[in-house]
Amino acid sequence: MELFFAYDWQRLETYQRLNPLQNDIVIHEHNNWVHFSFKQVDFFNYAFGADNQPLLRNNLANIESFYTSRQINKYRIIVPADCADSRKLLLANHYRPTSCIVKTNFPLYQPVPVDYLNAVSFIKTDANNIRDFTAIYLEGFEAIGRDIDEVCNNFKGLLTIPGNELFLMQNKDEYVGIVVLYGSNHHYFLAGGAVIPKHRNQHYHKAALAFRLNKCLQDKAVQSVISYAYENGISLANMQALHMTKEREFDQYELCL
């Protein structure tokens, strides 16, 4: 399974444990296809093949039945961009590609550019500063109207996931953003990150990438370092500036009636 999907699975299971009486979060598996649902967070409403296998007609029917039962009208189906059969089936059933996710890989023989790290520090998040992390996260993603206490409670759970590290990014006395690094069996995923609006376009994202790449390479048994970004976005451009290369592409489809 792609590390991107595995990480989201870990997060959703953690949020479920924190809110066992709520039915907001559901993880459903059928015929090796996985359906995520989190009613309050649109990002998590998507389905994917656990082994990047083609989407079949019965898979699509199960996906549609699942989200209909959950009363969720907006969801995504993620398939490898090079799978012509999946594309043909989705287009024939009124789904349209809305974005392309690019999986990137860092060549382990490459040195990490460190110039971007000047004047930037990274503070590991723990129970004492998780609320600060939450506040910067919400500001960075411009998540207007979200309950900071509820989100903070979920993020406390992220601190318990093995191999998951959260950091506040600071310049002088001011927090400018947040970043996340997830590792499993010496495979690393440069996970979430956000810079608050007034500090964007100042190389902080590149600094966040360089910081995490350096941490990964400190593991002498490191096997891989990957990340994901939207095609034609600034995040992908920044990854490529730090020598990360495209490995695979995934198309996201949504129903368009």
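Just so it is clear, none of the values below were taken in a lab; they were calculated from the coordinates. Bear in mind that the values here come from a model prediction, so they are computed numbers and not experimental data. Here the Cβ positions follow ideal geometry from the backbone for every residue, glycine too, while neighbour counts run over all protein chains shown.
The figures follow:
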quantity	calculated
Subset of the range 151-170 that is hydrophobic (A, V, I, L, M, F, W, C), over 25 Å from Ala119 (Cβ atoms) and out of contact with any helix residue (DSSP H, G or I) (no Cβ under 6 Å at 6 or more places or on another chain) - its residue that is surrounded by the most Cβ atoms within 10 Å (Cβ to Cβ)	Leu158
Strands (runs of 3 or more DSSP E) wholly inside the range 180-257 that include at least 1 residues being on the phi < 0 side of the Ramachandran plot and of a type in the set (D, E, K, R)	245-255
Filtered residue count, the range 131-150, keeping only those that are without any contact (Cβ under 8 Å) to a residue 60 or more places away in the chain and either under 30 Å from His243 (Cα atoms) or buried (at least 19 other Cβ atoms within 10 Å of the Cβ) (or both)	8
Residue that is surrounded by the most Cβ atoms within 10 Å (Cβ to Cβ) [pool: residues in the range 171-223 that are more than 17 Å from the chain's Cα centre (by Cα) and of a type in the set (Ser, Thr, Tyr)]	Tyr204
Selection from the range 71-102 of residues that are among the basic types (Lys, Arg) and either touching a Cys at 6+ places or on another chain (Cβ under 6 Å) or surrounded by fewer than 18 Cβ atoms within 10 Å (Cβ to Cβ) (or both)	Lys74, Lys88, Arg96
Residue match in the range 122-144 (condition: of a type in the set (Ser, Thr, Tyr) and not in a helix (DSSP H, G or I))	yes
Listing of helices (runs of 4 or more DSSP H) fully contained in the range 1-105 that carry 1 or more residues being of a type in the set (A, V, I, L, M, F, W, C) and under 22 Å from Ser224 (Cβ atoms)	3-18
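Matching residues to (1) of a type in the set (A, V, I, L, M, F, W, C); (2) within 17 Å of Asp126 (Cα to Cα):
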residue: Leu158; (1), (2): yes, yes
residue: Gly163; (1), (2): no, yes
residue: Gln170; (1), (2): no, yes
residue: Val179; (1), (2): yes, yes
residue: Lys198; (1), (2): no, no
residue: Asn201; (1), (2): no, no
residue: Ala207; (1), (2): yes, no
residue: Leu213; (1), (2): yes, no
